[in-house]
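*Asks:* My structure is below; once you've seen it, I'll send some questions.
The values are calculated or read from the model by the stated rules, or taken from the named source; none is laboratory data. Computed from a predicted structure; not experimentally measured. Cβ sites come from the backbone with ideal geometry, for glycine too, and all protein chains shown count toward neighbours. Quick note on the areas: whole protein, heavy atoms, side chains included, nothing else; ligands and nucleic acids left out. Shrake-Rupley method; radii C 1.70, N 1.55, O 1.52, S 1.80 Å.
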Amino acid sequence: MNVLITGGTGLIGAEVARILQENGEQKPVLFDMKPLAQRSSDLAHPAEVRRGDLGSFSDVLDAVTATRPDTIYHLGGMLSLPSEADPPAALRANVLGTFHVLEAARLFAVRQVLFSSTLATYGLDIQEPVINDYTLQRPLLFYGATKLFGEHMGRSYKRKYGLDFRGVRYPSIVGPGVSTPGIAQYTSRVIEECAEGKPYTIKAKPETRVPVLYLKDAARALVQLGRAPLKAITTVVYIVAGVKPAPSAQELADAVREKLPGAEITFSPDPAIQEALDKVRPLDDSNARREWNWGPAYHQLEGIIDDFLQELRRRQQPAS
């Protein structure tokens, strides 16, 4: 089975490629504007990387023509703060890019497109105590708006052309190498900075709780969703949650100190960041659990930190 992964040299894309290789798909093709990165360069088998721009229909068509994929994992695009800083670029990458992927899939009879969306499609004005798949989506940021439009385009192609479109909405991703600025970036950076012997200041109150999902679970969720029987897929785009209940910033700091004795972690809440974090709600991912048996492998904070540190050590080892 041929597979194309847009955003394939990124953190989640490269992890999807790793999982596919472990399950016998030895040469997924990675489509990205960026060169081969650490996480994709140490795959078990050399990966083909096609350099291209999602905003260019000819680039996407060339990749699909050459690969003739059965499945496209569509993970490429601009993230939150870069999108907010440059809306025209985000429109090109996230909206036109998704349209180009869907249209190429239609033209070349690609069976399935798996889409990475985000909790940013919900915004920060939610009145209910919990976010689920039926919560009103009214994004505050331009990034969330582009991702929500991508969800709607995919549903349209599913209805009109029979494309097997499915997607997941990710919470804050925890993993080595997470560096894109964001209000919840501390969930990754506190581990990595302390592992490097650096002090770290969390710009949130100790009692702040943010839903998190470990990088490896984020990739596994998309692969697992793609392999679920079509007849089981009703909701189409799903929230996926990790540790429950979401750990507080204090619990995260304590867990890091336990694994890394001597870690220097302080709290200095930023009022603007805290205002947004205070509006974050717990997640209900029961549809994913019921329809395709979703459940995180890393469902405890301690397990996430252990694997995170192991990955950091592995990367630091010299190549043999």
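*Asks:* Of all residues being in contact (Cβ under 8 Å) with a residue 60 or more places away in the chain and in a helix (DSSP H, G or I) in the stretch 228-238, which is most open to solvent (accessible area, probe 1.4 Å)? Just the residue, please.
*Replies:* Across the stretch 228-238, the extreme among qualifying residues is Leu230.
*Asks:* Next question, about the same structure. Which residues, counting only those in the stretch 261-303, are charged (D, E, K, R), assigned to a helix (DSSP H, G or I) and in contact with an Asp or Glu (Cβ under 9 Å, 6 or more places away or on another chain)?
*Replies:* Once the filter is applied, which keeps residues that are charged (D, E, K, R), assigned to a helix (DSSP H, G or I) and in contact with an Asp or Glu (Cβ under 9 Å, 6 or more places away or on another chain), the stretch 261-303 yields only Glu302.
*Asks:* Criterion first (on the phi > 0 side of the Ramachandran plot and open to solvent by less than 30 Å² (accessible area, probe 1.4 Å)) does Gly97 satisfy it?
*Replies:* no
*Asks:* So, one more: Assess whether Glu103 counts as being open to solvent by 10 Å² or more (accessible area, probe 1.4 Å), farther than 17 Å from Tyr73 by Cα and in contact (Cβ under 8 Å) with a residue 24 or more places away in the chain.
*Replies:* no
*Asks:* Which condition does Gly77 not pass, out of (1) free of Cβ contacts under 8 Å to residues at least 40 places away in the same chain; (2) open to solvent by less than 60 Å² (accessible area, probe 1.4 Å); (3) within 29 Å of Lys244 (Cβ to Cβ), if it passes all the others?
*Replies:* (1)
*Asks:* Here is a follow-up. Check off (1) assigned to a loop (DSSP other than H, G, I, E, B); (2) open to solvent by 20 Å² or more (accessible area, probe 1.4 Å); (3) more than 22 Å from Arg111 (Cα to Cα) for Ala241 and give me the number that stays unchecked.
*Replies:* Of everything listed in (1) assigned to a loop (DSSP other than H, G, I, E, B); (2) open to solvent by 20 Å² or more (accessible area, probe 1.4 Å); (3) more than 22 Å from Arg111 (Cα to Cα), Ala241 misses just condition (2).
*Asks:* Go through the stretch 186-218 and count every residue that is within 14 Å of Phe267 (Cα to Cα), free of Cβ contacts under 8 Å to residues at least 60 places away in the same chain and not in a helix (DSSP H, G or I).
*Replies:* 1
*Asks:* Among the residues of the stretch 65-85, which ones are assigned to a helix (DSSP H, G or I) and of a type in the set (S, T, N, Q)?
*Replies:* Thr65, Thr67, Ser80, Ser83, listed by residue number.
*Asks:* Here's a follow-up. With the requirement that a residue be under 15 Å from Tyr298 (Cβ atoms) and β-branched (Val, Ile, Thr), what does the stretch 166-199 give you?
*Replies:* Passing the criteria: Ile173, Val174, Val178, Thr187, Ile191.
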